[in-house]
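Following this message is one structure expressed as structure tokens.
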Amino acid sequence: MNSASHPQPSAVSLQMGARLALIGLIINVAFAIIKIAGGVFGNAYALIADGIESALDVAGSIVIWGGLRFAARPPDETHPYGHGKAEPLSAVFVACGVLIAAISVAIESTRTMFQPHSTPATFTLVVLLAVVVVKETLFRYVIRFGRSIESLAVETDAWRHRADVITSIAAFIGISIALIGGDKWRSADNWAAIFVCLVIATVGIRLLRPALYEILDTAPRGKIVDHVRNAATSVPGVVEIDKCFVRKMGLDFYVDLHVGVRGDIPVREGHDIAHDVKRAIRASDPRIADVLVHIEPA
């Protein structure tokens, strides 16, 4: 059967993740324009800061979308293991952008804190409520899908939606205090903007660490190593498992395995056992793209 007409599950998942990133991109473009315009016309620094964060989300969504599209490409002569590393690389790029943005907006909010400015407009609260509802709904859907396929890039995209929810709530509280408290509490808007930046920076650090771990081929989370070992030991002729290394490449896993067999069996029999081990491991988990089995005398 032609594999070109029937894409691998990981490729389909990456394409679905790319579509979700594209939806997030469209929503972030709309909210960035609404927030920044509302903040400018409504004299709300916290809303402007939140709008800048949404504008950065637009750039992040473009990077995530492009990274997932590139990671979905099949292996070729120059990339025999596929293009999966594009997925955590895009997550690293977005996380670094989030950190830089948080620092920049915090500096600007601090600089303008004690300068005279008008009281925020009431309509800015309506904008923020709409953002919270839409973004929280989007977060719950995207994070569920990202965890189901174990995609760092998709999970990164989801947590940026949750960060937008938190920052919008903070902006809502700051603007509300500035409206209720009057002239003496106008700086609450700036304090809310600074809090928004702290949340953004925290999310950026949270996103950066797992992406770096994957790029450095850190042992994958979960029980996949145990599943690989159990599948291998279930094959007749396998005496022991000496070494078992698993690394993640995009949404796929690659396994390097040292299998101990009886030392007096023919080479052909050891070769057949190696193929049986490979088939058993790949059948145990559809995310396992390839298995390299090294046969040793037990």
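Once you've got the Cα coordinates, tell me which of Lys85/Lys135; Lys135/Lys248; Lys35/Lys135; Lys248/Lys278; Lys243/Lys278 are over 19 Å apart.
Lys85/Lys135; Lys135/Lys248
Note down the nm distance, to one decimal, between modelled labels 7 Å out along Cα→Cβ at Lys223 and at His294.
Placing both labels 7 Å beyond Cα along the Cβ direction yields 2.8 nm.
For Val261, which sequence-distant residues (separation of 5 or more, or a different chain) have an amide H within less than 5 Å of its own amide H, given hydrogens modelled in the peptide plane?
Distant-sequence amide H within range of Val261: Val239, Glu296, Ala298.
Hey, another quick one. Suppose the chain between Ser284 and Val40 were pulled fully straight at 0.36 nm per residue; how much longer would it get relative to their current alpha carbon spacing? Provide the component values of the computation, followed by the final result.
Values: separation 244, 0.36 × 244 = 87.84 nm, distance 5.62 nm.
That works out to 82.2 nm of additional length.
Can you pull the accessible area of His258 for me, 1.4 Å probe, Å² to the nearest 10?
Roughly 40 Å² of His258 is accessible to a 1.4 Å probe.
Could you look at the stretch 170-298 and say what percent of its accessible area is carbon and sulfur, using a 1.4 Å probe and all protein chains? Write out the running numbers ahead of the final one.
Details: 4180 of 7040 Å².
Here it works out to 59 percent.
Averaged per residue, what accessible surface does the chain expose to a 1.4 Å probe, in Å²?
That works out to 51 Å² per residue.
How much of the DSSP bridge set in the chain is antiparallel, in percent, rounded to the nearest 5?
On the way: 9 of 18 bridges.
Bridges in the chain are about 50 percent antiparallel.
The values are calculated or read from the model by the stated rules, or taken from the named source; none is laboratory data. Predicted, not measured: the structure shown is a model, and the values here were computed from it. Using ideal geometry, Cβ is built from the backbone for each residue, glycine included, and neighbour counts are taken over all protein chains shown. Quick note on the areas: whole protein, heavy atoms, side chains included, nothing else; ligands and nucleic acids left out. Shrake-Rupley method; radii C 1.70, N 1.55, O 1.52, S 1.80 Å.
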